[in-house]
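The values are calculated or read from the model by the stated rules, or taken from the named source; none is laboratory data. Since we're looking at a predicted model, the values are computed, not measured. Every residue, glycine among them, receives a Cβ derived from its backbone with ideal geometry; neighbour counts consider all protein chains shown. Heavy atoms of the whole protein, side chains included, go into the accessibility calculation; ligands, DNA and RNA do not. Shrake-Rupley method; radii C 1.70, N 1.55, O 1.52, S 1.80 Å.
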Amino acid sequence: MARRLIDLTLPVQTQYDWTKYPARRAFGQWEPPTILSTFATIENDGLMMQRIETTTQSFTHFDAPRHFYADGLSADQVPLDQLVGEAVVIDMLHKQPGEAVWAADLEATGADVRAGDIALIRTGWTNRAPWGTERLWREMISLEEDACDWLLAKKVKSLALDFQADVYPFR
């Protein structure tokens, strides 16, 4: 079977405040704005160059172990093969706003999750909320601890989600 590459990225948008983790609302931390600016153009400089400034919890990103553990690997230390490879989609499109994904839900799908797979849990939430809105955060679908234990027992190498998996800003 031929391999397919699937783009899972969300658009970088500077005009919306709700495209990054709402730290100010969650725990009173300053939230720098997302800035995307052009400082060289083909017409004036022979090439285009841009500057981007944002938080690490914006748009499509991965959480390196250091995000949760002081002694964990930082983003530049995570081996690339942890982020690229065979994946299995676990369909949770039936989950409603504010609901949780539990181990029993994952098991009930019958998905063939194998050791070394990248698990992709698809709820459709970034499209339904939609992306870049306050509703995305206020009614976020969640991942329960027992679901994480289920994934660890399956020995997945990475997990991709279309919803927030750690500290919820409004709960």
Radius, Kirkwood style, for the chain when every pair of distinct Cα atoms is counted (Å)
17.9 Å
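Determine the share of the range 16-171's accessible area contributed by carbon and sulfur atoms, expressed in whole percent, with a 1.4 angstrom probe.
Carbon and sulfur atoms account for 55 percent of the accessible area of the range 16-171.
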Report, in deg cm²/dmol and to the nearest 500, the calculated mean residue ellipticity at 222 nm for the chain, where each DSSP H run with n ≥ 4 adds -39500 (n - 2.57) and the sum is divided by the residue count.
-4000 deg cm²/dmol
How would you rank 27-34, 156-163, highest first, on the average number of other Cβ atoms within 10 Å across their residues?
156-163, 27-34
The chain: relative contact order in percent, alpha carbon pairs under 8 Å with at least 6 residues between:
22 percent
Skip the ligands, DNA and RNA, and give the accessible area per residue of the chain with a 1.4 Å probe, whole Å².
64 Å²
Can you tell me how the range 104-171 classifies by the Cα gyration tensor, rounded, prolate or oblate, using a/c under 1.5 as the rounded cut?
prolate
Quick one: net charge of Ala115's neighbours, Cβ under 9 Å, K/R +1, D/E -1?
+3
Peptides ranked, highest mean first, by Cβ atoms within 10 Å: ranges 53-59, 136-142
136-142, 53-59
What are the ³J(HN,Hα) values, in whole Hz, obtained from phi via the Karplus relation 6.51 cos²θ - 1.76 cosθ + 1.60 with θ = phi - 60°, for each residue of the range 3-12 in sequence order, with x given for Gly and Pro?
6, 10, 9, 10, 7, 9, 6, 9, x, 7
Cα shape, the range 1-93, gyration tensor, a/c 1.5 rule:
oblate
